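Below: one structure, written as structure tokens.
The values are calculated or read from the model by the stated rules, or taken from the named source; none is laboratory data. What you see is a predicted model, and the numbers here were worked out from it, not measured in a lab. We place every Cβ from the backbone using ideal geometry, glycine too, and count neighbours over all the protein chains shown. Ligands, DNA and RNA are excluded from the accessible area calculation, which covers all protein heavy atoms including side chains. Shrake-Rupley method; radii C 1.70, N 1.55, O 1.52, S 1.80 Å.
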Amino acid sequence: MSDSIEKATRTNYLSFMLAGEEYGVGILRVREIIEHRPITRVPGMPAAVQGVINLRGSVVPVVDLAVKFGLPPRPITRWTCFVIVEVNLDGKQTAIGLLTDSVSEVLELGSDDIETPPAFGTRVRLDFLLGMGRHDSKFIMLLDLDRLLSVEELLSLTTAAPPDVSEPTSAPEPVPAPAAASEATPGEASGNG
Amino acid sequence: MSGGGSGPPPGLGAEWQQVLAIFADEAEDLLSSMEETLIALEARPDEERLRALFRQAHTLKGSGSSLGFQALTDYVHGAEDVIQALLDQRLAVGEPWTSLLLGSVDHLRELSRAAVAGVDQLGPAHQAHLARLREGGATGGPSTPPPPGVLPVEDLPLPVETRAAARGRSLRMDVERLDRIVTLTAELSIARGRMTQFLMEAEASSASWDEALTQQREMDSLFHALQEEVMQVRMVPVGPLFRQHLRTVRDLARDQGKQALLELAGEDVTLDTAVLEALRDPLLHLLRNALDHGIEAPEERRAAGKEACGRLRLRAVHDAGSVVVELSDDGRGMQRERIKERARELGLVSPSERLRDEEVDRLIFEPGFSTARTVTELSGRGVGMDVVRRDIEAMRGTVAVRSQEGRGTTMTLRLPLTLAVIQGFAMGVSDQVYVVPIELVQECLELPVSQRTSEEAGMLSLRGQPLPYLRLRTIFGLGGTAPARENVVVLRHPDGIVGLAVDHLQGDGQRVIRPLGRLFQDAPGISGSTILGDGRVGLILDTPSLVRRAIRRAAERSDYQPGEAAHLSDAATRAPTFRDTEQ
């Protein structure tokens with residue numbers, strides 16, 4: 001296999017920790033990483049949308065993905081930071097800050113390092129995943145930011161909502177699910193966890 | 001030149017784009033003037049106007065042909081023929097011909113935009129229309145009016161963006177102003193250099209605070225002058241927006257078999273371009289409403305002893321730091337009996353409730369309110385005045401209505417001069433800071449001990465007058481406990497005064513408003529944000545929506561309220577979170 005072809009299909013991802021699990025986003029979507037700063041809360045927003053911060057004069061929304069994935073909020077530590085990513089919100093390029101527990105590293109992954117996620121068992125809803133990156137015998141959840149950070153998705157979740165009954169009972173149901181799988185289907189069963 | 005655009009002369013890419021942009025602007029201006037002239041002509045035929053119309057068409061033809069837009073030029077030529085025939089009195093000035101020419105103006109708009117985008121050719125509808133123009137122009141005597149009917153407006157196969165971009169996001173600017181800005185910037189950078197030097201040497205030269213402050217003040221005044229100039233760049237006259245509606249009113253009235261004329265005043269009053277843009281939709285809605293509900297059919301008007309042709313008057317004036325835009329009609333006025341009836345049906349008022357006339361009038365701003373018996377093309381789809389109110393209040397404006405039955409209605413919009421900067425009053429709750437426009441603040445007072453609760457709302461007596469207040473900590477779900485001393489900021493509100501209970505007061509200052517963006521556009525009670533002195537973000541409160549929400553919540557609790565009103569019962573069955581009730 002020629003080395004140059006190998007190189008061409010490799011992509012860089014920035015990985016970070018969220019509530020004990022490692023996630024990755026395409027490096028080209030990352031604008032910068034900044035340390036934690038006070039958040040201004042915007043009333044009436046779902047819990048995952050934590051509020052806004054001042055990024056050199058622009059007002060940037062910040063999102064806690066862990067809350068969106070149905071996990072409780074975590075304390076702010078000295079490693080907590082915001083990964084500022086660019087997304088397209090209703091046709092407008094917008095910067096959004098992702099609250100992360102710590103930023104890990106930049107990974108280069110080839111297409112054969114990326115697995116299709118299994119039908120159940122991931123903490124994140126399948127349609128939010130681009131795939132799972134294999135790295136040092138663990139998996140890094142590669143997030144599909146366009147799906148995850150659309151206006152509808154960001155505004156859809158409500159605090160302390162009961163498990164969403166509208167979600168059709170699908171594949172995982174008959175399987176006696178281990179702990180992690182209980183979060184599999186209703187990714188939006190968010191809130192206090 | 002069939003099928004061909006005229007390409008750029010070789011080696012002139014960027015320049016050609018500039019030439020096209022100039023042509024696009026010019027064509028747009030000329031066509032708007034033609035439209036205005038035609039509508040004026042229809043109201044009062046006059047040779048001077050006809051000549052003006054001819055000149056406008058001729059100029060357009062000239063600039064079109066100089067760029068080689070053959071199809072466009074041919075088409076204008078056809079229109080010119082008709083105008084010439086009107087000038088020669090071979091044709092009589094009147095509705096059929098003005099309508100035909102107004103149709104041509106529409107076509108010319110399409111054609112010029114298409115030509116700029118590189119498509120210079122006539123579609124079938126254009127050709128048919130041109131044929132009628134030529135026929136008219138060739139007429140020897142006053143005869144054969146063109147067949148009436150709506151002109152098909154044809155869309156050329158254009159790249160979509162060019163149409164969307166037609167209302168460009170560009171602004172013309174006075175060169176003198178630009179020069180002043182450049183000068184001020186230069187002065188400011190000199191002052192900044194001096195400041196840097198001063199600070200570097202401060203310790204060695206043991207300079208005093210006074211000297212430092214003097215340096216700072218010098219920069220400050222330059223900065224304010226610069227800010228003033230830059231803000232002025234955003235100010236544009238309301239005239240062009242107003243004038244667009246001359247045509248709207250004529251065409252909409254005609255569609256309904258009515259006659260109406262729009263009169264304009266205060267066209268040179270200037271507004272921030274963002275305010276003007278935000279005014280566009282509400283204004284159109286008000287005009288449609290006036291035509292649909294206000295202006296009567298010609299017979300009805302004559303029977304009431306009025307002229308057959310209705311009059312709408314659109315006026316702008318500066319008034320105490322804001323701009324007032326007023327639309328009045330001489331129509332039938334608000335039919336209060338019907339409004340009351342409808343409000344009872346919707347459960348907005350109880351059958352026994354007695355309302356003053358102004359209170360009845362204000363009902364039209366309630367969500368979902370519409371008295372139109374039938375849904376027409378114009379209005380009455382149930383989305384109506386509440387949307388107008390929401391849009392206007394979203395830019396910190398107010399709407400008021402005054403009406404006299406049988407005599408007409410006046411809608412008054414009060415708008416801020418700019419959306420970019422406010423003089424704001426800041427207050428803190430927990431670790432959050434909220435800002436309200438200073439002109440709303442009447443006074444501040446300490447909350448009496450008896451009122452120390454964590455209730456959402458309460459009432460206290462202000463010099464013997466009841467003052468209802470809202471506790472922001474509870475309303476915004478900030479949690480935590482209030483400090484030993486809470487304060488109340490008393491705000492003016494269209495319906496009286498209202499208080500906001502907060503932890504501490506932070507005083508006033510100039511605040512540059514930052515939009516919150518798409519994600520937060522429906523955030524209840526919040527209209528924008530601003531960067532605070534310490535670098536954090538403060539939220540700007542939308543008091544009217546906070547108050548409305550409080551009223552709704554109170555109504556949900558009270559007994560007499562019939563639960564039929566869709567929006568009330570709906571909200572009540574869901575969890576009473578802030579978000580739910582507001583939407």
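Across B:W209, B:W16, A:W79, the residue with the most accessible area heads the list, and the full order at a 1.4 Å probe is B:W209, A:W79, B:W16. Its DSSP H runs of at least 4 residues, each contributing -39,500 (n - 2.57), put the calculated 222 nm mean residue ellipticity of chain B at -15000 deg cm²/dmol, to the nearest 500. Beta-bridge orientation, the stretch B:387-544: approximately 90 percent antiparallel, per DSSP, counting only bridges with both partners inside. Remark: accessible area buried at the B-A interface is about 2000 Å², both chains counted, probe radius 1.4 Å.
Accessible surface ranking for B:R243, B:R172, B:R354, 1.4 angstrom probe, highest first: B:R354, B:R172, B:R243. Over the stretch B:236-416, calculate the relative contact order: mean separation of alpha carbon pairs under 8 Å at least 6 apart, over the residue count, as a percent. Here the relative contact order equals 23 percent.
For chain B, the alpha-carbon coordinates run over 91, 80, 39 Å along the three principal axes, in decreasing order.
Dimensions of the stretch B:241-301 based on its C-alpha atoms, expressed as ranges along the principal axes with the largest first, amount to 42, 19, 16 Å. Put the Cα centre of the stretch B:177-199 next to the Cα centre of the stretch B:107-139 and the gap is 54 Å. Taking every residue in B:519-529 and counting other chain Cβ atoms within 10 Å of its Cβ, the average works out to 5. The Cα center of the stretch B:295-370 and the Cα center of the stretch B:422-472 differ in position by 34 Å. Pairs of Cα atoms nearer than 8 Å and 6+ residues apart set the relative contact order; for the stretch A:31-94 it is 35 percent. Determine the dipole magnitude for the stretch B:306-359: charges of +1 sit on the beta-carbon of Lys and Arg, -1 on that of Asp and Glu, nothing else is charged, the reference point is the Cα centre, and the result goes in debye to the nearest 20. Roughly 160 debye, rounded to the nearest 20.
The mean sequence separation of alpha-carbon pairs under 8 Å and at least six residues apart, normalised by the residue count of chain B, gives a relative contact order of 8 percent.
Taking all protein chains together, B:C444, B:C309 sort by accessible area into B:C444, B:C309, largest first [probe 1.4 Å].
Straight-line reach from A:K68: taking Cα to Cα under 30 Å and skipping same-chain neighbours fewer than 8 places apart, the lysines in range are A:K92, A:K138.
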